[in-house]
Amino acid sequence: MSRDDLDPDDWGEVRRLGHAMLDEMFDYVEGAHEGPVWRPVPQSVRDAFRAGLPQEPSGLAEVHEDFRRLVVPYATGNVHPGFMGWVHGGGTVVGMLAEMLAGGLNCNLGGRDQAGLELERQIVLWARELFRFPESASGVLVTGSSAANLYAVLVARRRALGESVREAGLSGAPRLVAYSSAGAHGCIPQAMDAAGLGRANLRLVGTDARHRIEIAQLKTAIAADRAAGAQPFLVIGTAGTVDTGAIDDLVALADLCREDGLWFHVDGAFGALGMLAPEIAPRLEGLERADSIAVDFHKWGQVPYDAALFLARDGALHLATFAAPNAYLRREPRGLAAGSPWPCDYGLELSRGFRALKVWMTLRVYGGRRLGRSIARTCALGQYLRERISREPALELMAPVELNIVCFRHRGADPDRLNAEIVADLHESGIAVPSTTLIGGALAIRAAIVNHRTAEPDLDRMVDGILARGRARLGAPAA
Ligand SMILES: *Cc1c(COP(=O)(O)O)cnc(C)c1O
């Protein structure tokens, strides 16, 4: 058999296999709660992938069998309700089906006059409605909030330095300084680095007892930088910090930015979708006054990885930050090259997948109210876990529980080491997957309840597992 195209020789066979794969993934999601959350990847499995570049074909069934045997059992585990590590969404079968449909169409959402772009435009309109942004607003889907926060820095930089920064770069430009709390996500300093502004020009302002940015300290820092001849240009508030779920005082930040003429960006990676939950939305007051917002759909929105949105209040400035003329991307009044501006004019990516389909299908199928309920439920579970911890003398809470993130630790000598060991034990046991972070320099077990499948018994199983491992470690004779 020697064909030069890549379509199947036997469509019947590929259909049969494809349907089996689909059923297998339905089984996987339906049975997500069964089995361990995670298992270590054995060396034999890692070794099984190592081979030279395959020159000869293999059967699809054989390759799929390798996927079943070598990949599925050793996945991250964030589909499992016992997964509470980092800030991971659980995904849905609706999103999974959307990925398959998008893969079939293989649309390139960089631009051109296609219906897929209307979905992306509609998502931007929905975001505009949700966040009460004006008609002038624009948005673009990106991989995650890391990218969306970088876009915010670039648009704010373009505003501060004008069109010339795109030609001349930063040579001769004033020193731009940005501000966020010490609890801001690590992608913010990275964005400053990538934008050529330097991590040292991000001031990490101290936080209050609720881990929110100290407004007075922020004002002092801005004044000090101005006095030193630098140019403050951007304040980044966080709606739901990655460590503790803290929400900065967005109203105070909006006021300060308006008075001072600074760009006000909100990193709402997971927290901004709290707008869908009536219980949480009031706590996000001030978000509607942001100049730009970063928000993930793959966390609280449960859309399969990856999908996030960068939303800018001033669509013209957003466009002026990224749009560039290229002969091969000429726009026309009609034909497939019509419909300008395109998503590629609003960011750094030209070729882009059809992320919009899984976001659009998720929002359509579940609706905002139901998604909001699942968001509110993860916060209620956070309180349930906090209460359970308060009843366990061996455990102590490490930070206030603002939303769905609970930071705590097992008491004992050398607590950093003890808790790191307990968490690793727990991962290897497959019982539950929390992660860790540092709170005031001390290691904390961090349970971020993002998965819509997580329920009270999953939290109790995790706590029981931590207590059992704590007892075993503390009871063991010193090594
Ligand atoms: C997850 C997260 C990010 C990074 O977003 P990605 O989607 O992982 O790129 C940024 N900020 C906060 C607060 C986050 O929780």
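Where a number appears in this text, it was derived from the coordinates with a stated rule and is not lab data. It should be emphasised that the depicted structure is a prediction, and the values quoted were computed from it without experimental measurement. Here the Cβ positions follow ideal geometry from the backbone for every residue, glycine too, while neighbour counts run over all protein chains shown.
Evaluate the charge dipole of the chain about its Cα centre and quote only its size in Debye, nearest 20, assuming +1 on the Cβ of each Lys and Arg and -1 on the Cβ of each Asp and Glu.
Approximately 1040 debye in magnitude.
Which listed residue (C257, G475, V242) has the Cα farthest towards the positive end of the charge dipole for the chain, taking +1 on Lys and Arg C-beta and -1 on Asp and Glu C-beta about the Cα centre?
Towards the positive end, the residue furthest out is C257.
Can you work out ³J(HN,Hα) from phi for every residue in the range 431-440, in order, using Karplus 6.51 cos²θ - 1.76 cosθ + 1.60 and θ = phi - 60°, giving whole Hz and x for Gly and Pro?
6, 7, 10, x, 10, 10, 8, 9, 10, x
Using R₀ = 51 Å, calculate the FRET efficiency as 1/(1 + (r/R₀)^6) where r is the Cβ-Cβ separation of V365 and T220; round to 0.05.
Efficiency, from the Cβ-Cβ distance: 0.55.
Would you mind working out the magnitude of the charge dipole of the range 181-300 relative to its Cα centre, with +1 at each Lys and Arg C-beta and -1 at each Asp and Glu C-beta, to the nearest 20 Debye?
Result for the range 181-300 is approximately 180 debye, rounded to the nearest 20.
Using only the Cα atoms of the range 367-413, build the gyration tensor, take square roots of its eigenvalues as a ≥ b ≥ c, and label the shape rounded, prolate or oblate: rounded if a/c is under 1.5, else prolate if a/b is larger than b/c, else oblate.
prolate
Just how large is the dipole of the range 40-152 about the Cα centre, in debye to the nearest 20, putting +1 at every Lys and Arg Cβ and -1 at every Asp and Glu Cβ?
300 debye
For the charge dipole of the range 354-403, defined by +1 on Lys and Arg C-beta atoms and -1 on Asp and Glu C-beta atoms about the Cα centroid, which residue among A394, L371, Y384 has the Cα displaced farthest towards the positive pole?
After comparing all options, I get L371.
So how much slack lies between R39 and E163, counting 0.36 nm per residue of separation and subtracting their Cα-Cα distance, in nm?
Value of the extension gain: 39.5 nm.
For a protection proxy built on the mean count of beta-carbon atoms within 10 angstrom, sort 398-410, 253-265, 288-300 highest first, please.
Top to bottom by mean Cβ count within 10 Å: 288-300, 398-410, 253-265.
Across the range 298-309, in residue order, what do the Karplus-derived ³J(HN,Hα) couplings come to in whole Hz, using 6.51 cos²θ - 1.76 cosθ + 1.60 with θ = phi - 60° and x for Gly and Pro?
7, 9, 5, x, 6, 6, x, 4, 10, 6, 8, 10
Rounded to the nearest 500, what is the chain's calculated 222 nm mean residue ellipticity when only DSSP H runs of at least 4 contribute -39500 (n - 2.57) each, over all residues?
Mean residue ellipticity at 222 nm (helix-derived): -13000 deg cm²/dmol.
Given the Cα-Cα distance of E279 and A442 and 0.36 nm per residue of separation, how much length would full extension add, in nm?
Taking E279 through A442 to full extension adds about 55.5 nm, to one decimal.
Once you place label points 7 Å from the Cα toward the Cβ at Y328 and D193, how far apart are they in nm?
3.1 nm
Using Cα pairs under 8 angstrom and six or more residues apart, how large is the relative contact order of the chain, in percent? Don't skip to the end; give the middle numbers.
On the way: 848 pairs, mean separation 104.2, N = 479.
Worked out over the chain, it gives 22 percent.
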